[in-house]
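Some notes on the structure that comes next.
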């Protein structure tokens, strides 16, 4: 570098050139500072978006996992209910066919009590099956909002459903009363015959 005399070093041209160089350096530093600030903002935005990704991914992974478990359970319950409905449909169809096959006009008058008993037994079986299946379907619907609106069974029929223990005791007594009377009469006749022989 050329060595300048003191006069040249202090000359206004040289000072202006030094000031201009300093201003250029300052401008360059300012640009670098702005560039660094821009990179800092970009990195902060990337970091924020990466955190958002991690939070969102964790949240949705949890929600989807729990939802899949719930859907699997609902699917299993629905499948079980569908199988139960199919079995009930098949059972009701069989009982309906049996009931529709009852034709009192074709019965022989000599066989009327037997045919009537058989037909009443078929009706009682259908009533019992209907009540059992209806109860099962209602029990399985307790957990769900959907409801099967099956009609109720009237208890006025001769079916087994809806009778209390006291009613069963009365029925049992009424059925066995003729046997009890016959047994007492038979014992009286036996003791009378035994006393007559002696």
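Laboratory data are not the source of any read-out in this text; all were calculated from the coordinates shown. Keep in mind it's a predicted model, so treat the numbers as computed, not measured. Here the Cβ is made from the backbone with ideal geometry for all residues, glycine too, and neighbour counts use every protein chain on show.
When you count, for each residue, the other Cβ atoms within 10 Å and take the mean per peptide, how do 16-22, 85-91 rank with the highest first?
85-91, 16-22
Can you give the FRET efficiency to the nearest 0.05 for residue 118 and residue 173, using r as the Cβ-Cβ distance and R₀ = 25 Å?
0.45
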